[in-house]
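Undergrad: Next up is a structure, given as structure tokens.
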Amino acid sequence: MTVSAETMIGVTKLEAGRGHVALSERSRKYPGPGEVLLEVAGTGICGTDLHIWAGEYHSVPPVTIGHEICGVVAGLGEGVEPEWLGKRVAVETYYSTCGRCRYCRGGRRNLCLERKSLGTHVDGGMAPWVVVPDINLHEVPDWVGDAPATLSEPLACVCNSMMDPAVVEAGDAVLVIGPGAMGLLAAQVARACGGTVTVRGTEADEVRLGIATELGFEVEVVGAGGAPTPAGPNVDVVIECSGSEPGARYGFDVLRRGGAFVLVGLRGADITIRLDLVCFHEFAIRSGFASTAESWNTAMRLIWQKNVELAPLISEVLPLQEWEHAFNASRAGRGVKYVLDPRR
Ligand SMILES: [Zn+2]
Ligand SMILES: [Zn+2]
């Protein structure tokens, strides 16, 4: 593939429908007013990227995908603070929102109907360069590597569901169902809030549960013979990160009266659950879509205060050319987080 000074290679959704993702020549953009140019140092592969690949999540092709971005500020548009130049940053995912609807005005740009996101509407991070608004930038501490820093974005999403306001109180018994990236981040946020956390997975989650153990969590394994009988409804907070019907149902079984159920994992289809228990047992249901500026501030505080460990969640860092292998490995769910590094 020929790459001129005005173009670069990016992992691109070329047209709508199933598949249609390939390495493709993309035009290089330069930062306009209030924007910066980032040299990408790593972009994590998210479930959303897999859904874009499968044609199950709306995107506006042709578009470079990737929204879990760590990069170094390499160029400044007009009006951007010069101090940003050379800083290593993680990036909020909205390229633009309307700025005047009730959600934008209330600090919830994630709900804006005119939201345009990096990696779905506007070129994202699976390319050597990406242009983003300066209001999206969050400086990353030196001690966090490039690949782990890409987890800032999913951490901000977890914080949107769990920390606005905080759902876990000190002393709470917390059960995290599903030990993927979101589950292992949620478990650490719950622990930072003072919760005693157990992480639950299936036999197929051996590697992921091993990481949970390494991070110091108790683990529970759903055996091939079906789920063990719950000890009783004694859990204060359930954080459902498996996106499975059995996971959600189990969560309702073990939650104590008045407990909180946090929905993080998505099924992408209808599930059957005994919703009456929300009344009978006064469950509080919490969730959050993507991230907000506030949840990013919380996430970055957790990182700077060393309340979360990100490096153990990185399974492999690969060059852009190996995107398909990385996407397949991600989809197989053996490891936790796969990252593409365009500099490799
Ligand atoms: Zn994501
Ligand atoms: Zn808006």
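Undergrad: Looking at Ala329, Ala293, which one is on the phi < 0 side of the Ramachandran plot and free of Cβ contacts under 8 Å to residues at least 24 places away in the same chain?
TA: Working: Ala293 fails: free of Cβ contacts under 8 Å to residues at least 24 places away in the same chain.
Of Ala329, Ala293, the one residue that is on the phi < 0 side of the Ramachandran plot and free of Cβ contacts under 8 Å to residues at least 24 places away in the same chain is Ala329.
Undergrad: For the list (1) out of contact with any Leu (no Cβ under 8 Å at 6 or more places or on another chain); (2) without any contact (Cβ under 8 Å) to a residue 24 or more places away in the chain; (3) not charged (D, E, K, R), I need the number of the one condition that Ala22 fails.
TA: Here Ala22 meets the rest and fails (1).
Undergrad: Which one of these is buried (at least 19 other Cβ atoms within 10 Å of the Cβ), touching a strand residue (DSSP E or B) at 6+ places or on another chain (Cβ under 7 Å) and not assigned by TED's automatic domain parsing to the domain that holds Val40: Ala248, Ala326, Ala299? So that I can check it myself, show each step before the final result.
TA: Numbers: Ala326 fails: not assigned by TED's automatic domain parsing to the domain that holds Val40; Ala299 fails: touching a strand residue (DSSP E or B) at 6+ places or on another chain (Cβ under 7 Å).
When all the criteria are applied, what remains is Ala248.
Undergrad: If you don't mind, another one. Quick check, is Val60 in contact with a Lys or Arg (Cβ under 9 Å, 6 or more places away or on another chain), at pLDDT 95 or above and more than 20 Å from Val339 (Cβ to Cβ)? Talk me through it step by step, then tell me what you get.
TA: Details: in contact with a Lys or Arg (Cβ under 9 Å, 6 or more places away or on another chain): yes; at pLDDT 95 or above: yes; more than 20 Å from Val339 (Cβ to Cβ): yes.
So Val60 passes the test.
Undergrad: Can you give me the number of residues within segment 135-161 that are away from ligand 1 (no atom under 16 Å from the Cβ) and crowded, with 19+ Cβ neighbours inside 10 Å?
TA: Our first condition is that a residue be away from ligand 1 (no atom under 16 Å from the Cβ); within segment 135-161, this holds for 135, 137, 139-146.
So of that shortlist, the ones also crowded, with 19+ Cβ neighbours inside 10 Å come out as 137, 140, 144, 146.
The qualifying residues number 4.
Undergrad: Only one residue in Val36, Val3 is of a type outside the set (Gly, Ala, Ser) and at pLDDT 95 or above. Which one? Don't jump to the end; show me each part of the working.
TA: Values: Val3 fails: at pLDDT 95 or above.
Exactly one of Val36, Val3 is of a type outside the set (Gly, Ala, Ser) and at pLDDT 95 or above, namely Val36.
Undergrad: With respect to Leu277, is the statement that it is more than 18 Å from Leu184 (Cα to Cα) and either of a type in the set (Lys, Arg) or surrounded by 14 or more Cβ atoms within 10 Å (Cβ to Cβ) (or both) true?
TA: In short, yes.
Undergrad: Still on this structure, please answer the following. Can you say whether Ala186 is assigned by TED's automatic domain parsing to the domain that holds Glu316, among the aliphatic types (A, V, I, L, M), within 16 Å of ligand 1 (Cβ to nearest atom) and touching a residue at least 60 places away in the same chain (Cβ under 8 Å), as far as the supplied structure shows? Can you show your working first?
TA: Numbers: assigned by TED's automatic domain parsing to the domain that holds Glu316: no; among the aliphatic types (A, V, I, L, M): yes; within 16 Å of ligand 1 (Cβ to nearest atom): yes; touching a residue at least 60 places away in the same chain (Cβ under 8 Å): yes.
No: the conditions fail for Ala186.
Undergrad: Cβ-Cβ under 6 Å, sequence separation 6+ or interchain: first residue in segment 97-111 and not assigned by TED's automatic domain parsing to the domain that holds Asp164, partner more than 16 Å from ligand 1 (Cβ to nearest atom) and of a type in the set (Val, Ile, Thr). Which pairs?
TA: Note: pairs meeting the criteria are Cys104/Thr97; Arg109/Thr97.
Undergrad: Among Asp253, Asp236, which is in the same structural domain as Arg191 (by TED's automatic domain parsing) and without any contact (Cβ under 8 Å) to a residue 60 or more places away in the chain? Even if it seems obvious, please write down each step before you answer.
TA: Numbers: Asp236 fails: without any contact (Cβ under 8 Å) to a residue 60 or more places away in the chain.
On inspection, the qualifying residue turns out to be Asp253.
Undergrad: Restricting to strands (runs of 3 or more DSSP E) lying wholly in segment 18-112: which have 2 or more residues that are away from ligand 2 (no atom under 16 Å from the Cβ) and within 20 Å of Trp296 (Cβ to Cβ)? Break it down stepwise before answering.
TA: Values: elements: 21-27, 35-44, 68-76, 88-91, 94-96.
Those strands (runs of 3 or more DSSP E) span 35-44, 68-76, 88-91.
Undergrad: Restricting attention to strands (runs of 3 or more DSSP E) lying wholly within segment 168-252, give those where 1 or more residues are modelled with pLDDT of 95 or more and under 23 Å from Cys46 (Cβ atoms). Break it down stepwise before answering.
TA: Values: elements: 173-177, 196-202, 218-222, 235-240.
Passing ranges, in order: 173-177, 196-202, 235-240.
Undergrad: Tell me yes or no: at least one residue of segment 86-97 is more than 16 Å from ligand 1 (Cβ to nearest atom) and among the acidic types (Asp, Glu). Break it down into steps so the answer makes sense when it comes.
TA: Initial filter on segment 86-97 (more than 16 Å from ligand 1 (Cβ to nearest atom)): 86-89, 96-97.
Still in the list and also among the acidic types (Asp, Glu): none.
No: zero hits.
Undergrad: Among the numbered criteria (1) assigned to a helix (DSSP H, G or I); (2) within 16 Å of ligand 1 (Cβ to nearest atom); (3) in contact with a Leu (Cβ under 8 Å, 6 or more places away or on another chain), which single criterion is violated by Val132?
TA: (1)
The values are calculated or read from the model by the stated rules, or taken from the named source; none is laboratory data. All of these numbers come straight from a predicted model, not from anything done at the bench. Here Cβ is always computed from backbone atoms with ideal geometry, including for glycine, and neighbour counts include all displayed protein chains.
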